[in-house]
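Notes to accompany the following structure.
The values are calculated or read from the model by the stated rules, or taken from the named source; none is laboratory data. The structure displayed is predicted, hence computed values, not measured ones. In this analysis, Cβ positions are derived from the backbone assuming ideal geometry, glycine residues included, and neighbour counts consider all displayed protein chains. These area figures cover heavy atoms from the full protein model, side chains too; ligands, DNA and RNA do not enter into them. Shrake-Rupley method; radii C 1.70, N 1.55, O 1.52, S 1.80 Å.
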Amino acid sequence: MRIAVVGVQGDVEEHVLALKKALKNLKIDGEVVATRRKGVVEKSNAVVIPGGESTTISRLIWRDGIAEEILSLHEEGKPIMGTCAGLIILAKRGDEQVEKTRTKLLGILDVKVKRNAFGRQRESFEAEIDFKGIGKYKAVFIRAPIVEEVGENVDVLAKFEDKIVAVQQKNVLGLAFHPELTEDTRIHEYFIKMIE
């Protein structure tokens, strides 16, 4: 089993370590590879798009041919997870900030996202959420987006107050927070279990 982490920007190493730990916890033999170039994602069983700056990540994955490989993986039904900025990139629609920056989205998650939904004054915070299938989970939000609208085939997995912060549509998992910044690997384990 091979899991690719898109390594163009953001919490790349943290995701790699969390996934390795999750594989170990599940007693699954597999490798986790961070990549910035074409050819790795297409040979993987799953891919993670980390947080960072969505405009930059989008520009680089389309420029380097990684976006097309993610789309192919999606068509094959292989799991794809996007966290924070990664969630924005997976979305079908974005708010005016996304449109203004002309961020090209992958459009594989039928949701509308809002960038920096919690404003700049509380750029980062931790909150306990109830994650469907996992239970109570302490989530780390850093200038986080939220999901404003969901399509009919999208399953809402978690909310913070009344805001949607975790969704799943078949093989695509989108999170507004950073599971890689906690010691709790249950969400990475949940993702790994999506691999057939």
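Numbers for the structure displayed
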| quantity | calculated |
| --- | --- |
| Filter result for residue 134 (more than 23 Å from residue 4 (Cβ to Cβ), at pLDDT 95 or above, open to solvent by 10 Å² or more (accessible area, probe 1.4 Å) and of a type outside the set (D, E, K, R)) | yes |
| Evaluation of residue 11 against (1) in contact (Cβ under 8 Å) with a residue 12 or more places away in the chain; (2) within 17 Å of residue 192 (Cα to Cα) (one fails), failing number | (2) |
| Residue 102 over 19 Å from residue 11 (Cβ atoms), charged (D, E, K, R) and touching a Lys or Arg at 6+ places or on another chain (Cβ under 8 Å) | no |
| Helices (runs of 4 or more DSSP H) wholly inside the range 1-78 containing at least 2 residues that are more than 25 Å from residue 115 (Cβ to Cβ) | 12-25, 66-75 |
| Subset of the range 143-154 (residues that are aliphatic (A, V, I, L, M) and crowded, with 18+ Cβ neighbours inside 10 Å) | 144, 146, 147, 154 |
| Residue within the range 30-51 that is touching a Lys or Arg at 6+ places or on another chain (Cβ under 7 Å) and open to solvent by less than 10 Å² (accessible area, probe 1.4 Å) present | yes |
| Filter result (touching a residue at least 40 places away in the same chain (Cβ under 8 Å), hydroxyl-bearing (Ser, Thr, Tyr) and open to solvent by 20 Å² or more (accessible area, probe 1.4 Å)) within the range 79-127 | 101 |
